[in-house]
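Trainee: Below: one structure in structure tokens.
Laboratory data are not the source of any read-out in this text; all were calculated from the coordinates shown. Everything quoted here is computed from the prediction, not taken from an experiment. FYI the Cβ positions are ideal-geometry reconstructions off the backbone, even for glycines, and counts take in every protein chain you see.
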Amino acid sequence: MIHQLLNRQRKELPSDADIVAGLQAHDRSVEEQFYRSAKQYFMTHFKDIFFDEDRKQEIFQDSVLRLWTEIEDGRIRAAGAHLERLQASGAWLPMTANLTTFLMAIARNSYREVVRSNKEQTYGNIFDITPAGGAPMQDVDDADEADDIRIIDECIQEMPPRCLEILTLFYYEGRSLDEIMTLRCGKNESKTGLKTAKYKCMQTLKQRVMERRGQL
């Protein structure tokens, strides 16, 4: 009986080709069914990545919008039982992933964009520093930017494990202090202690970057 119900449920689920056709036709029932299914899959597989619920919802909504835009603009189409996607060259190529997997790839790219943005902001914070009793560091030009990024990456990787963990979680992944407290499982006794540790770690990193740049 259970197997029969499962088989019937699988038969009732629309194929990707049906979903594309339904979305292009603005079929409300198809839109709602796909949205619910995709959201459930996203929340299950991305639950350990985000502690910020607002950010998680924002990335999911943005990913769904990107996918729906491609479908509605005709850049994804059904070719029999399979899907094809329009390439920049103008050629149509078969999609190797189903719609749900493709949506998750969009979400992962969106997440990487968030991390990259946090990373660039961190670099900006490190570059924009004034040594004690000295003049501000000069703005980096395009010729030196690659070296500066390499130096910062090297210095971060050479930090003590505790500092490496805190700086990565706060600046690269954009975690809040509360989230870091949870992730570090009580390694910091209080939020104030964590905030102080983060400040000291960043100051140490800045000093190392300045020293490394002076060696070039």
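Trainee: Can you run phi through the Karplus equation (6.51, -1.76, 1.60; θ = phi - 60°) for region 90-96 and list ³J(HN,Hα) in whole Hz, with x for Gly and Pro?
Mentor: x, 8, 9, 10, x, 7, 8
Trainee: Ranked highest first by average number of other Cβ atoms within 10 Å, how do 98-109, 81-92 line up?
Mentor: Details: 98-109: 17.2, 81-92: 12.2.
So the order, starting with the most tightly packed, is 98-109, 81-92.
Trainee: Roughly how big is region 56-99's charge dipole about its Cα centre, with Cβ charges of +1 (Lys, Arg) and -1 (Asp, Glu), in debye to the nearest 20? The partial results should precede the final answer.
Mentor: Values: 5 positive and 6 negative charges, 25 e Å.
That gives region 56-99 a dipole magnitude of about 120 debye.
Trainee: For a label point 7 Å from the Cα of Leu183 along Cα→C-beta, name the residues of region 55-84 whose backbone N is under 20 Å from it.
Mentor: 55-60
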